[in-house]
1. Can you tell me which of Arg192, Arg214 is assigned to a helix (DSSP H, G or I), open to solvent by 60 Å² or more (accessible area, probe 1.4 Å), touching a residue at least 24 places away in the same chain (Cβ under 8 Å) and over 18 Å from Leu121 (Cα atoms)?
2. For region 129-155, give me the residue count where each residue is over 20 Å from Val170 (Cα atoms) and in a helix (DSSP H, G or I).
3. Might you check whether a residue that is open to solvent by less than 30 Å² (accessible area, probe 1.4 Å), part of a helix (DSSP H, G or I), within 14 Å of Ser226 (Cα to Cα) and touching a residue at least 60 places away in the same chain (Cβ under 8 Å) occurs anywhere in region 95-103?
4. If I go through region 104-126 residue by residue, how many of them are open to solvent by less than 20 Å² (accessible area, probe 1.4 Å) and more than 22 Å from the chain's Cα centre (by Cα)?
5. Please determine whether any residue of region 147-155 is open to solvent by 80 Å² or more (accessible area, probe 1.4 Å), within 22 Å of the chain's Cα centre (by Cα), on the phi < 0 side of the Ramachandran plot and among the charged types (D, E, K, R).
6. Do we find that Phe172 is in contact with a Leu (Cβ under 6 Å, 6 or more places away or on another chain) and more than 30 Å from Glu79 (Cβ to Cβ) in this structure?
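The values are calculated or read from the model by the stated rules, or taken from the named source; none is laboratory data. The structure presented is a predicted model; accordingly, all values stated were derived computationally and were not measured. Quick reminder, even Gly has a Cβ in these numbers, built from the backbone with ideal geometry, and neighbours come from all protein chains shown. In case anyone asks, the SASA skips ligands and DNA or RNA and just uses the protein heavy atoms, side chains included. Shrake-Rupley method; radii C 1.70, N 1.55, O 1.52, S 1.80 Å.
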Amino acid sequence: MTNAISNRFFTSLSTPSNRLLVPPLSHFRRCHQPHLHRKPPLHQRASRSVTRFSSVSSSSSSSYSGKPGFVGWYLRMLETYPLITKSVTSSLVFAASDITSQMITLPSFCASFDLIRTLRLAIYGLLVLGPTQHMWFGFLSKILPKTDLASTLKKILMGQFILGPIINTVFFSYNGAFQGEGVTQIIARLKRDLLPTLLSGALYWPACDFVTLRYLPVRLQPLLNSTFTYVWTIFLTYMANRG
């Protein structure tokens, strides 16, 4: 028995002292398998990104699908086909404004109604004002994305001093050209009507633009602007078609 104890003692001395500090190689390999830290393939990551983007898009458009009737349909069209929807809306507003203007100014509406004039203004709203509104409000939201008071006032001033003179000059020139006027007559019309129109607009549009730019999202701004345009166009068509 004494010999057995002595053999165990000397055997323990011959064993390396750091055997407990060095883990087995197989255990190290199991804990550090490279596949545990490998990134998924590129196509899998791309498909996950597309899935996340689709879910966000569907959730943003689902708010419109829940609205019933004409309002829900119009908002869905505005989201899906923004430029076409805004252009058609502007065309209908211009046509309705001209019909109202003729009803007010003509002595006998049924006998003197000018359908060509109404169609001319509807085409202007479709091809000129609608796309212009779409691009203008998008441009303002990019250069001045905030809706605080200072940013809103800057947008209003840009509308008065940049968009207003340009769009009114285009309107009077378009209307005069389709009425058969030459360059000299169009210039004379601009000298006569442009400045009074801009001064009248300075009294009307700032309040309208403040509500539109301060409180509405960009996609709905042309819609409210077209609503204000209905009243403004009654005055504008009167100015454009007076003798």
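1. Details: Arg192 fails: touching a residue at least 24 places away in the same chain (Cβ under 8 Å).
Exactly one residue qualifies, and that residue is Arg214.
2. Our first condition is that a residue be over 20 Å from Val170 (Cα atoms); within region 129-155, this holds for 138, 140-155.
Now restrict to residues that are in a helix (DSSP H, G or I): 138, 140-143, 149-155.
So the answer is 12.
3. The answer is yes; a qualifying residue exists.
4. Count: 3.
5. yes
6. On the way: in contact with a Leu (Cβ under 6 Å, 6 or more places away or on another chain): yes; more than 30 Å from Glu79 (Cβ to Cβ): yes.
Against the criterion (in contact with a Leu (Cβ under 6 Å, 6 or more places away or on another chain) and more than 30 Å from Glu79 (Cβ to Cβ)), Phe172 qualifies.
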